[in-house]
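So the structure is just underneath, and the comments pick up after that.
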Amino acid sequence: LPTGLGWALVFTPSLGTVGRYFPAQRALATGLAVSGASVSGLALGPLVPLLLDAYGWRGALLLLAAVSFNLVAAGALLRPLPVPGETPGPPRDRPGLTRLLRHGPFIRYALAFVLVDAGYYVPFVHGEARAHEVGCDEHRAGLVMAAMAAVDGGGRVAAGWLAARPATALLRHLFAWAVLTGLVLLLLPLGTSFGGLLALASAYGFCAGAVVPLQFAGVAEVVGAGRLVHAIGLMQMFESFGSLLGAPFAGWLRDVTGNYTISFLAAGAFLLAGSLLILTLPGFFHASQGAGGKEGSPAPAP
């Protein structure tokens, strides 16, 4: 519990700070920032077993905690920047959580990612078991998961770079990647051999990674840069319900049906349903104040 609380207190303000530091390149900056999670995941995969063998589980946890304490130094380097248009001094009419809960577009955006997250993590949680189901040994199952994690980081950077091009609104990029992620997830049951599953898992990892930076950069499109930190924190609280329920539901479907086919189809349906809600947002068919207008200006009232 304290570890989860600590990571929440680090992740949300970090993303909010990146979004306010780089308003013109918000998607690319966010993509670069969150790509570190993929790098660390790949590094810790082989490192943790070595630490367990050398130092035991207590020593391994102490070493990982020591690495995490470097976040204190990193956080000390962050400085708040004023948003253009804000007057110096204490803000008088700072929109808070209560106003966000009455902000219709934000509620739809958060609900979209409750649905997206209900399917998003299913391949990451059940991918190894699916590989065993189609006949892969431990080594090949590990390769499937490693490939999915490796291309995930590339997808995060690529999506941020593409969204930085001014030709298309960011929310349209987000919608396209969310739809692609859902479609690839629907195709995952077709991977009935090591090669087929590896190709589909890699495609899923890339598309799923692409959704991450656009999701957080899109918050500013919906509510404006001035509400960014509050909105990211509240959105993550909502979407945690989808994250917690999706993987157990997929496992229950596997127990009922005897294989993962229906589990992946249901997960893909959740992703596609969430992506459709993005179509209802005011900034989807035209540039919103959060990106192209005056930074810090609130989005239109719901």
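Oblate is the label for segment 136-187, because a/c, from the alpha-carbon gyration tensor with a ≥ b ≥ c as root eigenvalues, is 1.5 or above and a/b does not exceed b/c. Compactness of segment 20-68 is given as radius of gyration and Dmax, 15.6, 47 Å, from Cα positions. Spin-label pair F285-S40: with each label point 7 Å from Cα along the Cα-Cβ axis, the two points sit 4.2 nm from one another. Protein-only accessible surface at a 1.4 angstrom probe places the residues F241, F194 in the order F241, F194, largest first. Sorting 170-179, 221-230 by average packing, meaning the other beta carbons within 10 Å per residue, from highest down gives 221-230, 170-179.
Counting only Cα atoms, the size of the chain along its three principal axes is 62, 45, 33 Å, in decreasing order. Rg over Rh for segment 1-46 works out to 1.07, both radii taken from alpha-carbon positions and Rh defined as the Kirkwood radius. Between the Cα long axis of helix 138-163 and the first principal axis of the chain there is an angle of about 20°, rounded to the nearest 10. Taken about its Cα centre, the chain carries a charge dipole of roughly 960 debye when the Cβ of each Lys and Arg holds +1 and the Cβ of each Asp and Glu holds -1. Label separation (L5 vs W57): 2.3 nm, computed from points 7 Å beyond Cα along the C-beta direction. Computed from the C-alpha gyration tensor, the three semi-axes of the ellipsoid equivalent to segment 137-284 are 29, 18, 14 Å, from longest to shortest.
The values are calculated or read from the model by the stated rules, or taken from the named source; none is laboratory data. Just so you know, these numbers come straight off a predicted model, no measurement behind them. Heads up, the Cβs are rebuilt from the backbone with ideal geometry, glycines too, and the neighbour counts pull from every protein chain shown. The accessibility values were calculated without ligands, DNA or RNA, using every heavy atom of the protein model including side chains. Shrake-Rupley method; radii C 1.70, N 1.55, O 1.52, S 1.80 Å.
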